[in-house]
Amino acid sequence: MSQAPNSLQARDKVYLVHPFTNLRAHEQQGPLVITRGEGIWVYDDEGKAYIEGLSGLWCASLGFSEKRLVEAARRQMERLPYTHTFAHRSSEPVIELAEKLVSIAPEPIAKVFFVNSGSEAIDTALKLVWYYNNARGKPEKKRIIARKRAYHGVTLAGGHLTGLAYARAGFDLPMSDRFFHLTCPSHYRDSLPGESEGAFASRLVEELDTLIRALGPETIAAFFAEPVMGAGGVVVPPKGYFEKIQPILKKYDILFVADEVINGFCRTGNMWGCQTFGIRPDLVVCAKQLSSAYLPIAAVLMSRDFYEVIAEQSARLGTLGIGYTYGGHPVAAAVALETLKIYESDRILEHVRAVTPRFQERLVRLSAHPLVGEARGVGLLGGLEIVKDKRTKEQFPQEAKAAAQIVARCLEQGLILRPLPGDVVGICPPLIIEEHEIDQLFDRLERALDAALPAMPMAA
Ligand SMILES: Cc1ncc(COP(=O)(O)O)c(C=O)c1O
């Protein structure tokens, strides 16, 4: 038998297949192994400290050492480590969590279905939308509209909804022609020369209306959208965009499914992105900050009207034939419930609002840097669009991996960020971050940008 390698890096390379990783490059390089966390900080296996500037994957809202969440998990583990919600079964934490979630949910949400991840929530929402229209005797009303650069996960449904090529390339997707992607609402990248935000928003709404009329409103079931796009490059919609879109959806009887997987739970300066952007959703998908990511849990929230239709159909068919072994896991539910209690007791929303001006001021200041085309954000969410030429907005060639280069320099500085499609550097620190830590984060990011600059082939 061969001797097992002893460093963590070497052992990782023997057995693990990593998501979102160039596996061949990984075999050469090995992983960054994170071994512990404290507040907004994490530490690698050699003891080096990093600010977790993306909260893991936009999710560890309460940082990495919240003892109340550990306690909530321990208590529930000891009392009842597992039961489920199939076939008229339930548990205390799931009941309490559903009640709490509905009490804070955007209007007109009234009911909750628990699942385990954002992708699973998206798949479930999509299936429920189809179930709903079958129930209403509209079997032809099944097409779905999303946006380019949207990220809605990578399962089969998520892979169709996500407006990024990597979710389909090599995976035999699309399997269905029911999915359509509109122009991404990035004013910086997708507006016409001289086009104002308002005119850009109106043009995008016109595009939606034209698509709906071309396909036939009777064939379109739902519009899926993140209020602020996250993983596709932190795209903040132009002013008036969602206000103008919603009456059109209403007019054509098309559901609005708000993907709040990143936006939800205080990130944009309100409990929900829907509130920040005046959205009245029919369904909401949430995950990540629901449990501060301490355990996997996600949810599909729905309006009373939507629920009534699927409830009737389940009675006709004999059951609602969808559910997951770990959906509504009592330990995950107990941790999520405690997370929501902490948001309230520690006034996390007020804290986010108090430190946002500092975060946004430091973010916007970076737009003066030669590598930054646009610095944009809302609440404690930010993105830097990296360009070769600030004047023409020309980007670096893809093979230059400009955003990834900067993120690598950040790592040297003790800051974890993430490169996103469109050469954007994403910034999304834990919500508990203090002003002096925001300064530390941006000081490190500035040093990283400066360090990356000499190696970048800038426009003359
Ligand atoms: C907006 C959005 N929707 C869905 C997902 C998929 O969530 P998960 O990775 O938990 O499947 C993500 C993940 O980043 C996301 O950002």
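The values are calculated or read from the model by the stated rules, or taken from the named source; none is laboratory data. Small disclaimer: the values here were computed from a predicted structure and weren't measured. Cβ: placed from backbone, ideal geometry, glycine included. Neighbour counts: every protein chain shown. In case anyone asks, the SASA skips ligands and DNA or RNA and just uses the protein heavy atoms, side chains included. Shrake-Rupley method; radii C 1.70, N 1.55, O 1.52, S 1.80 Å.
Computed in the context of the full set of protein chains, the accessible area of the chain at 1.4 Å probe radius has 54% of its extent on carbon or sulfur.
In this structure, the amide hydrogen of R147, modeled 1.01 Å from its nitrogen in the peptide plane, lies closer than 5 angstrom to those of L182, counting only residues at least 5 positions away or on a different chain.
Note on the range 335-360 and the range 213-244: Cα centroid distance 27 Å, given to the nearest whole angstrom. Computed over every Cα-Cα pair of the range 267-320 and binned at 5 Å starting from 0, the pair-distance distribution P(r) comes out as 5, 16, 17, 19, 17, 13, 9, 4, 1 percent.
When Lys and Arg each count +1 and Asp and Glu each count -1, what net charge do the other residues less than 12 Å away from T268, Cβ to Cβ, add up to?
0
So for the chain: antiparallel DSSP bridges make up what percent, rounded to the nearest 5?
On the way: 32 of 48 bridges.
So the antiparallel bridges amount to about 65 percent of the total.
Size estimate for the range 211-274 follows the Kirkwood approach: the inverse of mean 1/r over distinct Cα pairs works out to 12.9 Å.
Among the trypsin sites (Lys or Arg not before Pro) found in the range 43-130, those both in a DSSP coil and sparsely packed, with 15 or fewer other Cβ atoms within 10 Å of their Cβ, are K48, R89. For the range 84-156, GluC sites (Glu not before Pro) are listed when DSSP marks them as loop and at most 14 other Cβ atoms sit within 10 Å of their Cβ; the list is E140. Give me the mean projected area, in nm² to one decimal, of the convex hull enclosing the Cα positions of the range 335-409. The Cα convex hull of the range 335-409, projected and averaged over all directions, gives 7.0 nm².
For the range 92-183, applying the loop criterion from DSSP together with a ceiling of 14 other beta carbons within 10 Å to the chymotrypsin sites (Phe, Trp or Tyr not before Pro) yields F171. What the Cα atoms of the range 359-460 give is an Rg and a Dmax of 12.7, 42 Å. With bins 5 Å wide beginning at 0, the percent of Cα pairs of the range 166-325 falling in each bin runs 2, 8, 14, 17, 19, 18, 13, 6, 2, 1, 0, 0.
For the chain, the alpha carbon convex hull comes to 165 Å³ per residue, rounded to a whole number.
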